[in-house]
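Only the coordinates and a few stated rules stand behind these numbers; no lab work does. Since the model is a prediction, treat every value here as computed from it, not as a measurement.
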Amino acid sequence: MPETKRYTKSTLPSKTCVVCKRPFEWRKKWGKCWEEVKYCSERCRKAK
């Protein structure tokens with residue numbers, strides 16, 4: 001049986017936004033592309 005990564009709120013991975021320097025948490029929609037995520041929001045992505 002393949003083991004899937006399960007996250008709880010206390011164990012979510014986080015990163016720091018390259019624009020605003022604020023920390024942001026992992027989201028389900030970023031599950032398959034978490035390594036490429038650099039910005040915390042659309043606003044920061046557009047302000048790069």
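So what's the back-of-envelope 222 nm ellipticity for the chain, counting only DSSP H runs of four-plus at -39500 (n - 2.57) apiece and dividing by all residues, rounded to 500?
The per-residue figure over the chain is -2000 deg cm²/dmol.
Taking 0.36 nm per residue of sequence separation and subtracting the Cα-Cα distance, how much length would be gained by fully extending the chain between A47 and T11, in nm to one decimal?
Full-extension gain reported as 10.0 nm.
Give me the lysines in straight-line cross-link reach of K46: C-alpha distance below 25 Å, same-chain residues under 8 apart excluded.
K46 reaches K15, K21, K28, K29, K32, K38.
For semi-axes √(5λ) of the Cα gyration tensor in Å, several values are listed as [x] 24, 12, 7; [y] 27, 14, 8; [z] 20, 13, 8; flag the one computed from this structure.
Here the calculated entry is [x].
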